[in-house]
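Engineer: Please read through the structure below; I'll follow up with questions.
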Amino acid sequence: MQPKLPKDEWLAIFGPEQDSTEPGKTPADFAGALSFGDARLLLFPVRSLAGVFAWCTSVDALARFLREMEMIGQKPGWDVPAGEPQEAEAWINGNALIAGDKVVLEEFSFTPLEKPEVKTIGEWLAANALPALPEYSYWKNSLPSKLCILPKDAFRDFTLYATEVQTHIKLNPDKKTVESGALWTAESLPVDTVLYAPLMANRPRSDSDAVKGWDEKKVLQKITQANLNRINFGGDETTGQGFVALKFLGGEA
């Protein structure tokens, strides 16, 4: 992640690293001005017999999303659909996910039911949840027709059992043979999973002149204008994992 902010502003927003604090100070002297909430699942991609994959969600997941939005004072302009899909029923928009007369996800089939709310939610998510990058234009156009609202139990099962599980080994650097006991598996979210996390701010705790007079709105304004299009999370970056495209709601990234 390449910062597009001066160092003093960057440190005030995110806080100092353990090994790069100012002389005579420790990381406890001032924390970053940003507060990150937990990242929660909104859309989970599941292989589909028609349309390659479906972006799946549930009424429960949408209701939690709206609750988090309300907490930070945001209103998307749509409500949670009334009721929820019956067992083996899938709410969709259009016929992009229909194979024959069913929606087939992995080895499970669902009876499709077209709902206007799915189109409304899908169009809003396409405009507000996917990154504002040229390479995402196709996916913005596709999301409303690929959105699928499932029964909560079916959605739960897919998120539990349709993740990517990769097996890893560790090689002895001299012999190029497998180290004893160095076999493990790692579970990852599929590519194109959509997560959301609330982002809140405090006044900067740093005494730098560069951030004097900043308030919470200024901190959020700075971070949304810092051109942070992609970042890397977690400790598996050497295996190509953890790369995330960002979208700040109402921001530029």
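Every number here is computed from the coordinates shown, using simple stated rules; none is lab data. Everything quoted here is computed from the prediction, not taken from an experiment. Methodologically, a virtual Cβ is constructed for each residue, glycine included, from the backbone with ideal geometry; neighbour enumeration extends over all protein chains shown.
Engineer: If you count, for each residue, the other Cβ atoms within 10 Å and average over each peptide, how do 144-150, 243-249, 182-188 line up from highest to lowest?
Structural biologist: 144-150, 243-249, 182-188
Engineer: Give the aspartates and glutamates whose C-alpha is closer than 13 Å to that of Lys218, dropping any in the same chain fewer than 8 places away, or say none.
Structural biologist: Answer for Lys218, where 13 Å is the Cα cut-off: Glu9, listed by chain and number.
Engineer: For the chain, take the convex hull of the Cα atoms, compute a quarter of its surface area, and give me that in nm², please.
Structural biologist: Convex hull of Cα atoms, orientation-averaged projection: 18.1 nm².
Engineer: Set the bar at 27 Å for Cα to Cα. Now go through Lys75/Lys222; Lys115/Lys140; Lys4/Lys146 and name every pair that lies beyond it.
Structural biologist: Long pairs (Cα-Cα over 27 Å): Lys4/Lys146.
Engineer: How about Lys170: which aspartates and glutamates have a C-alpha closer than 15 Å to its C-alpha, ignoring those fewer than 8 places off in the same chain?
Structural biologist: The reachable aspartates and glutamates, counting only those whose Cα sits under 15 Å from Lys170, are Glu179, Asp236.
Engineer: Treating cross-link reach as a plain straight distance, find the aspartates and glutamates whose alpha-carbon is under 14 Å from the alpha-carbon of Lys247, omitting any fewer than eight places away in the same chain.
Structural biologist: Correct list for Lys247: Glu135, Asp192.
Engineer: Highest mean first, how do 120-133, 94-107 rank when packing is the count of other Cβ atoms within 10 Å averaged over residues?
Structural biologist: 120-133, 94-107
Engineer: Something else now. Quick check on the exposure proxy: order Glu117, Glu135, Glu164 from fewest to most C-beta atoms within 10 angstrom.
Structural biologist: Glu135, Glu164, Glu117
Engineer: Using the Karplus equation 6.51 cos²θ - 1.76 cosθ + 1.60 (θ = phi - 60°), what ³J(HN,Hα) coupling, rounded to whole Hz, does each residue of the stretch 53-59 give in order, writing x for Gly and Pro?
Structural biologist: 8, 10, 8, 9, 8, 9, 4
Engineer: Continuing with the same structure: Rounded to whole Å and ordered largest first, report the semi-axes of the equivalent ellipsoid of the stretch 75-147 derived from its Cα gyration tensor (root of 5λ).
Structural biologist: 23, 17, 9
Engineer: How many percent of DSSP beta bridges within the chain run antiparallel, rounded to 5?
Structural biologist: 75
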